[in-house]
Every structure is written in C-alpha cells, then in structure tokens.
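**Student:** One structure follows; several queries about it will come next.
The values are calculated or read from the model by the stated rules, or taken from the named source; none is laboratory data. A quick note: this is a predicted structure, and the numbers were derived from the prediction, not measured. FYI the Cβ positions are ideal-geometry reconstructions off the backbone, even for glycines, and counts take in every protein chain you see. All accessible areas refer to the heavy atoms of the entire protein, side chains included, with ligands and DNA or RNA removed. Shrake-Rupley method; radii C 1.70, N 1.55, O 1.52, S 1.80 Å.
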Amino acid sequence: MDIIVMVGQLILGLTILVGLHELGHMLTAKWFGMRVEKYAIGFPPKVFSKKFGETEYMLGMIPLGGFVKISGMVDESMDTEALKEEPKPWEFRAKPAWQRLIVMMGGIIVNVITAIVIYIALTYNYGESYLPASEVRYGVVANEIGQDMGFETGDRVVAVNGKELEKFNDVYSMDALLGSNSYYTVERNGQMVDIQVPLDLMDQLADREDRMFFVQPRLPFRVGDVVAGSAADKAGLQDGDIITRVNGEDIQFFHEFQQAMQEHKGEAVSMTVKRNDKLIKLKTEVSEDGTIGFHSEPMLQYATRDYSLGESIPMGAEQAFGVLTAQVAGFGKIFRGEVSASKSLSGPIGITQLFPDTFNWYKFWSIVAMLSMVLAFMNFLPIPALDGGHVVFLTYEMISGRKPSDNFLENAQKVGMVLLLGLMAFAIFNDVFKLIF
C-alpha cells in the first residue's frame, strides 16, 4: 500500500506538471495562429482521445511525459514528409523566429510560474514552522559523515559561510551543501571552530538513507502518543512521561534513547520515567527493529511565522528560484567532477521515493513545486529534442539572420533523441542499481 500511495502521487504530480508544460506550448502556438494537431499527456498506447476543432486531445498510458504536435515543426514525431512542401501560413516554420522562440519557451515559463504560484500559496496558507537556532542550546549529534567532516556531538552551530544561523534547518541549505568554499562555524567548549564542507559531501549523503542529516539537534523529549497494544502500552507508558533511564543508563536526549533501543533489540529492558514529578519504574519488550511503540515529542520550542499575501509573493519566488540555483550548482559540481553523476541523477524510481508513503497535501504540493522548477531547468538544457535545443537554434537564427536547414534540424533532432533515450536508460538503470545495492 505504501508503494501504491507513492506511485500514485508521482503519477498525479507528473500529470499536472506535464499537462501544464504542454499547455504552455499549445496556448502560445494558438495565440500566434499556428495549427496544433495534437495535445497529449502521457505516451501511447492511447487511453482516451477527443478531437475539438483542429486539435486532438489525448491521454496516454505511460505517464512519464507528453507532447504537443504543431504543424510544420521538426519534433520528436520525426514527421518530416510535410516539410517537403512549401510552408503554409498556419505552420510553425512559417512564423517569425521571435514567435517560434516564445512558443518553445512557453512550457518552461508555465512551469516556472506554476512553481512560484504553488510556493506562494503554501507560504500564505501554512506559514513557516521552524526550529530557531537559539533553541538548539544542547548542540548537535553528529552521525558518521558529520564526524568525518569534523563535527563533534555537543557542537552548537552558530554560522554558515560566516552568516549567523537563525533557523537550524539552514544547516542543510543548498548554499552550504553546494558552495565551493562552504564552511560551518561551531561553538565548542567556549571556542569558535570552523568546519569546511568537503566537495564530495553530496556523494557521501547520497549513500545514506538519512540523506542530508549529517548533524541533528540533540533533542530532550517526552512520550507522545502511545500505540494501542504496543509494548509501550502494555508496560504502562503514558503520554507526557519523560524517560530518564534505560537499564540503569541515564537518558536525556532522544538519540540516546534510540541508541539504547538498538543495543537491546529483541530484549526486555527496565526504564525509569518521570510522571508528575514522580519517578516510576517500568519494564518493556523491545522489538527486533528497536522500537517499543510510541511517538516522541521534542521538548524544544518551535516557532511559527505567518505571512500576508504581499509577503508570500516574494517568499514564493525566492523559494522557486532557490531550487533553480541549486540545480545549476549541482550540475556545475557534476561537470567539475566534484560529485558523481551516478549518485546525483535519479529516474522515475528515485523521484517516486521523494514522496511520503502517506498522503499529505502540503508535502505533495511542495514536491510538485520543486519538480516543476526541475522540469523547467531540464527542458532548458541546450540539447536537441528539448526545448532548450530549439531555443539555441532560434537564437542563432535571430542573431545571424539565417535559419538552419530542415535537414540539419532533422539530424539534430535524431541526435537529441538518442542522447535523451540514453540519459533516461542511464537514470532508470541507476535507480535499480541503487535500489538493489
């Protein structure tokens, strides 16, 4: 069921994004009087189609893309027979270069606008919930990657790239992770220590299930909801209890409790809990996966900020273009050899894993907005068969005054299709490899 929920969200998200992307091409083409023969979401085999006027609207069974067929345009359909005739007034090739450029940019522009609108709506409706850096007064706990970087458990992060840290989550910002000379400043035993971010950090994080969390706040905690019928429930653990000892070992932070549970998987343990200023001793069974059946509540004060519509607009735009900046920085690291393409690029399986296994509207739209900017960026790459490839040729035509020949465009399209199919095959194989190994 978890897989079905994740795949369902992927299909819904891609259908929305591809539909809007292709809609951008279609509307701009019709605006300039071009004939749009087909508007398709998904690839054949055909599930549904209906013709309205000159355009056939189709839904395909394979929900990994879509296309718009515009008369007189060299595209992925490779329908070049009509190009041997003289251009008709309604054809793509008969229109001025600046109009054709706008049509090719139409999908990218719509994806950017979509991301901005979603981020604005999320900011306005949900505000921002965050953990102030000042609240992380007990410092951080560092996993293996964090320790290799130079972090020590108990360090208090005070700055990122020399800028004072206000929100703890900014520790994981793309500016820090993808910058060329990024560093953290931490307070350790009353002294300030700088910790450099290694160039291959993203590679290291890609190898771990906990991804970016190389350091996390040390969280004092209390017991939240207790799962009915669980070992915790049978032992008498209650909402609001504070666990202070496990098998005689003092417990203050949640990571210490998790470590104790991992050390005693499948065993019975004794616990001391504080309840209404009284200490109570309990015994419970630990499952084979190191849990006893309750949800923890952090005892740090999270902050929430609400935004007006006027404040949400620049915030939404900033979030959207922040994704774009991260994409550019990420590709730069790949081309410079600082990170591995195999660990950084994902196909359908990797994208599916971005979605949670339970449906949540906020998380769904957040991921869709991010993917919308990724789709815009990927389509803008100067590869023949992508929008960016067409943009390059049209820009050349506008500057030089000479249009590339139809034969050149056909061959470029073929090369682009081979590159795209190869990239897609690599991404899918890479997904399967990472899933297995």
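**Student:** Just checking, how many residues over the range 23-54 are surrounded by 15 or more Cβ atoms within 10 Å (Cβ to Cβ) and in contact with a Phe, Trp or Tyr (Cβ under 6 Å, 6 or more places away or on another chain)?
**Tutor:** The total comes to 5.
Yes/no per residue for (1) basic (Lys, Arg); (2) over 36 Å from the mean Cα position of the chain (by Cα):
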{"position": "Arg245", "(1), (2)": "yes, yes"}
{"position": "Ile251", "(1), (2)": "no, no"}
{"position": "Glu256", "(1), (2)": "no, no"}
{"position": "Ala260", "(1), (2)": "no, no"}
{"position": "Val273", "(1), (2)": "no, yes"}
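**Student:** Right, another one. Restricting the range 319-374 to residues that are assigned to a helix (DSSP H, G or I), open to solvent by 60 Å² or more (accessible area, probe 1.4 Å) and of a type in the set (Ser, Thr, Tyr), which is farthest from Ala121 (Cα to Cα)?
**Tutor:** By that ranking, first place goes to Thr325.
**Student:** Here's a follow-up. Which ones in the range 119-132 are open to solvent by less than 20 Å² (accessible area, probe 1.4 Å) and of a type in the set (Val, Ile, Thr)?
**Tutor:** Hit for the range 119-132 is Thr123, nothing else.
**Student:** What number goes with the only condition from (1) closer than 30 Å to Ser230 by Cα; (2) open to solvent by less than 80 Å² (accessible area, probe 1.4 Å); (3) not aliphatic (A, V, I, L, M) that Tyr307 does not pass?
**Tutor:** If we test Tyr307 against (1) closer than 30 Å to Ser230 by Cα; (2) open to solvent by less than 80 Å² (accessible area, probe 1.4 Å); (3) not aliphatic (A, V, I, L, M), just (1) comes out false.
**Student:** If you take just the strands (runs of 3 or more DSSP E) that sit entirely in the range 133-202, which of them hold at least 2 residues that are buried (at least 20 other Cβ atoms within 10 Å of the Cβ) and not acidic (Asp, Glu)?
**Tutor:** 140-142, 156-160, 183-188
**Student:** OK, next. Between a first residue in the range 287-299 that is more than 21 Å from Ala268 (Cβ to Cβ) and a second residue that is surrounded by 14 or more Cβ atoms within 10 Å (Cβ to Cβ) and of a type in the set (A, V, I, L, M), which pairs have beta carbons less than 6 Å apart while being 6 or more apart in sequence or on different chains?
**Tutor:** Qualifying pairs under 6 Å: Pro298/Leu219.
**Student:** Do we find a residue being assigned to a loop (DSSP other than H, G, I, E, B) and hydroxyl-bearing (Ser, Thr, Tyr) anywhere in the range 281-295?
**Tutor:** Yes, the range 281-295 has at least one match.
**Student:** Which residue is nearest to the chain's Cα centre (by Cα), if the candidates are limited to the range 392-437 and must be crowded, with 17+ Cβ neighbours inside 10 Å, within 27 Å of Gln204 (Cβ to Cβ) and not charged (D, E, K, R)?
**Tutor:** This residue is Ala427.
**Student:** Any chance you could count how many residues in the range 238-252 are part of a loop (DSSP other than H, G, I, E, B), closer than 16 Å to Phe294 by Cα and open to solvent by less than 40 Å² (accessible area, probe 1.4 Å)?
**Tutor:** Adding up the residues that qualify gives 2.
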